[in-house]
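The values are calculated or read from the model by the stated rules, or taken from the named source; none is laboratory data. Keep in mind that this is a model prediction, so the values were computed, not measured. Don't worry about glycine lacking a Cβ; one is built from the backbone with ideal geometry, like all the others, and counts go over all protein chains shown. Accessible surface is based on the protein model in full, side chains and every heavy atom, while ligands, DNA and RNA are left aside. Shrake-Rupley method; radii C 1.70, N 1.55, O 1.52, S 1.80 Å.
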Amino acid sequence: MERLRGSDPISLPEEFASGLAVTRDRLGIFAQQILWYSEVGSTNDLAGAMADRNAAEGLVVLADRQTAGRGRLGRTWASPSGAGIYASVVLRPSVTVATLLTIAAGVAVAEGIASATGLSPHVKWPNDVHVGGRKLAGILAEGAVGHVVLGIGINVQSAAYPPDVAARATSIEAELSCPVDRGVVLAECLAALASRYRELQSGRGGQVVDAWRRRAAPMLGRRVEWESAGTYQVGLAENIDDDGALIVKVGGQTQKIRSGEVRWL
Ligand code: BTN
């Protein structure tokens, strides 16, 4: 537990405070409590520990740098100071809302980046955010009894990711060739997430799925490889179903992938 605590939260730096202040009316549940740390192990671990101790839904944990940032499927998420956005939010969704939460998060981060920068990011199932075929942002959803922590990592500068993934990754500043305000990007992502989360809560999950399909359009119809029961399979990614599972066509048959890794060929 000591490892999780890190330092005490400090005041939001100006870069974040002003972007979040301007967007405050649209932040919904994320306007209530935003904690900033100069360094933590993982914002997901810290937010999860706070959720276990009854943190309210909507808590946002931000860090300038993570020493043990984590990605999906046990991977490391490089998190150097100032180069990325490292954020985790605590949600307490119903079982129905939780089904589409990772899909909604991918859509919201793509929308937030689009609003803040003018880029047109795509989503790759389940919730990677790409520009020009390279990964710009990722989301790590971790559930426990009574809560889900959504961790959002966005590459703002190319220094955010290690050279060995440079061929597959990009950053907002590399795409725009100019500096961007991390506070504005984060604020737009949180505002979009608040809005998509409200849609799920009010039974409008169909709108989230439709938005995901639009953002995924360039990826659909492409060949994908995934592992199932110890063997690798290849098929065509067709769509997602109403619960967010990826529908793939293998030969003449349709299969659904609900979790795990899919490699886009
Ligand atoms: C992925 O593998 O694509 C998901 C990456 C998620 C990274 C974010 S950064 C903030 C939060 N804290 C973590 O340790 N991971 C997530």
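Suppose a student asked you for the relative contact order of the range 117-256, using Cα pairs under 8 Å spaced at least 6 residues apart; what percent would you report?
16
Taking θ as phi - 60°, what are the ³J(HN,Hα) couplings along the range 66-76 by the Karplus curve (6.51, -1.76, 1.60), each to the nearest whole Hz, with x for Gly and Pro?
Once rounded to whole Hz, the list reads 10, 9, 9, x, 10, x, 5, 6, x, 7, 8.
Could you tell me how many cubic angstrom of Cα convex hull volume the range 22-132 has per residue?
Spelled out: Cα convex hull of the range 22-132, divided by residues, is 133 Å³.
Got a sec? What order do 256, 135, 249, 124 fall in by accessible area at 1.4 Å, biggest, i.e. largest, first?
Descending accessible area places them as 256, 249, 135, 124.
How large is the accessible surface per residue of the range 201-265, computed with a 1.4 Å probe and reported in Å² as a whole number?
Accessible area per residue: 58 Å².
Put 119, 27 in order of accessible area, largest first, 1.4 Å probe: what do you get?
Ranked list, largest accessible area first: 119, 27.
Each residue of the range 88-94 in order: what ³J(HN,Hα) in whole Hz does its phi give by Karplus 6.51 cos²θ - 1.76 cosθ + 1.60, θ = phi - 60°, with x for Gly and Pro?
Rounded to whole hertz, the list is 10, 10, 9, 10, 10, x, 5.
Using only alpha carbon positions, build the gyration tensor of the range 136-201, then give the equivalent ellipsoid semi-axes as the square roots of 5 times its eigenvalues, largest first, whole angstrom.
They are 26, 16, 9 Å, listed from largest to smallest.
If you add up the charges near residue 167, with Lys and Arg at +1 and Asp and Glu at -1, over every other residue whose beta carbon is less than 13 angstrom from its beta carbon, what do you get?
+2
Excluding residue 179 itself, calculate the net charge of residues whose Cβ lies under 15 Å from the Cβ of residue 179, where each Lys or Arg counts +1 and each Asp or Glu counts -1.
After counting each charged neighbour, the total is -4.
What is the sum of charges, Lys and Arg at +1 and Asp and Glu at -1, for the other residues whose Cβ falls under 14 Å from the Cβ of residue 79?
Taking every Cβ under 14 Å from that of residue 79, the sum is +1.
Of the DSSP beta bridges with both residues in the chain, give the percent that are antiparallel, rounding to the nearest 5.
If we restrict to bridges inside the chain, about 90 percent are antiparallel.
So what is the diffusion coefficient of the chain in µm² per second by Stokes-Einstein at 20 °C and 1.002 mPa s, using a Kirkwood Rh over Cα pairs?
Using the Kirkwood radius from Cα pairs, D works out to 115 µm²/s.
Which GluC sites (Glu not before Pro) in the range 162-265 sit in a loop by DSSP (not H, G, I, E or B) and have at most 13 other Cβ atoms within 10 Å of their own Cβ?
Sites meeting the loop and neighbour criteria: 261.
Give the calculated FRET efficiency between residue 181 and residue 159 to the nearest 0.05, with a Förster radius of 22 Å applied to their Cβ-Cβ distance.
0.85
Over the range 223-264, what portion of Cα pair distances is larger than 16 Å, expressed as a whole percent?
The proportion of pairs with Cα distances above 16 Å equals 25 percent.
Show me, for the range 178-191, the HN-Hα J-couplings you get by feeding each phi into the Karplus relation (A = 6.51, B = -1.76, C = 1.60, θ = phi - 60°), rounded to Hz, glycine and proline as x.
7, x, 10, 8, 4, x, 5, 4, 4, 4, 5, 5, 5, 5
Please arrange 196, 75, 24 by accessible surface area, largest first, computed with a 1.4 Å probe and ligands excluded.
24, 75, 196
With an 8 Å cut-off on Cα pairs and a minimum separation of 6 or more residues, tell me the relative contact order of the chain in percent.
18
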